[in-house]
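All remarks here apply to the structure that follows.
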Amino acid sequence: MTTLNAEKLTLKEVHRLLGFQKQPMGSYSTLLSLESLTAYENQELIQIATDFDNYLTADKVSEGLVKVLSIFPLLRLAGFYRFPVELSLEEAIARIVIEYEDTFITGRFDILAINKTALAGSQPFWILLIESKNSSVDVSVGLPHLLTYAYTSLEYQESVWGLVTNGLNYQFVYLRQETPPTYQLMPPLHLFEIERAIQLLQVLKAICKLQVSVSPDSAVA
């Protein structure tokens, strides 16, 4: 049996092996309820952008620093540090077996937020899966990895949100459990453009609030 590392897969290979079909670009407003930010949230958002810019001016920002300077502060501000949400870092995905090709896929995701209110013994309910890159890498590079890592979650829930980012650019992806599975790219967002930065935090807050209000059991197909 052949072993494939998810980090090495191209988007074309992911489509072929996992059957994903790309849908037309989605709209945040049709899927999420975006709320205005508070003065405090706006201030913190500006500070996150300023801190990131200070490092970026000196040199490219490594993948580890992308997490520390932008992803983690944004997740905290959006509510992902609060119960019932739990974050997992750099854990191995369940092995994906492609029987008709005598192949299985392995890999490790970067950051995963789950709903911790799932009943003991049940599969965790995925809220948001994040794939990060260093600041010099285009976010499209991380899309095949994200789709692969999120694939297993669709066996247990109807949909899941994903995010690929290099700290500056943020590409949200909405995946659905269909036959075949589908995904939609959402309008790209940017930390240094004020309107799109505000929407970035609004989207993160909406995903967190929406998903933790869903009963994990009711999300199972």
Legend entry - Complete set of residues in region 95-107 that are loosely packed, with under 14 Cβ neighbours inside 10 Å and either under 19 Å from the mean Cα position of the chain (by Cα) or in a loop (DSSP other than H, G, I, E, B) (or both): 95, 102
Legend entry - Members of region 65-94 found to be farther than 18 Å from residue 44 by Cα and assigned to a loop (DSSP other than H, G, I, E, B), listed by number: 83, 84, 90, 91, 93, 94
Inset, instruction - Confirm whether residue 156 is in contact (Cβ under 8 Å) with a residue 40 or more places away in the chain and under 12 Å from the mean Cα position of the chain (by Cα). - result: no
Inset, instruction - Return a yes/no flag: does region 34-41 have any residue that is of a type outside the set (A, V, I, L, M, F, W, C), modelled with pLDDT of 95 or more and over 22 Å from residue 188 (Cβ atoms). - result: yes
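Per-residue answers, yes or no, for (1) of a type in the set (Val, Ile, Thr); (2) in contact with a strand residue (DSSP E or B) (Cβ under 8 Å, 6 or more places away or on another chain); (3) modelled with pLDDT of 90 or more:
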residue	(1), (2), (3)
63	no, yes, yes
71	yes, yes, yes
75	no, yes, yes
81	no, yes, yes
86	no, yes, yes
89	no, yes, yes
94	no, no, no
105	yes, yes, yes
Inset, instruction - Just give me the residues in region 72-94 being more than 19 Å from residue 147 (Cβ to Cβ), touching a residue at least 60 places away in the same chain (Cβ under 8 Å) and buried (at least 17 other Cβ atoms within 10 Å of the Cβ), in sequence order. - result: 74, 75, 77, 78, 80, 85
Legend entry - Candidate set from region 160-215 (those that are in contact with a strand residue (DSSP E or B) (Cβ under 6 Å, 6 or more places away or on another chain), closer than 26 Å to residue 14 by Cβ and in a helix (DSSP H, G or I)); member that is modelled with the lowest pLDDT: 211
Inset, instruction - Mind counting the residues in region 28-60 that are of a type in the set (Gly, Ala, Ser), part of a helix (DSSP H, G or I) and either touching a helix residue (DSSP H, G or I) at 6+ places or on another chain (Cβ under 9 Å) or under 23 Å from residue 166 (Cβ atoms) (or both)? - result: 2
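The values are calculated or read from the model by the stated rules, or taken from the named source; none is laboratory data. Owing to the predicted nature of the structure, the values given are computational and were not obtained by experimental measurement. Here the Cβ is made from the backbone with ideal geometry for all residues, glycine too, and neighbour counts use every protein chain on show.
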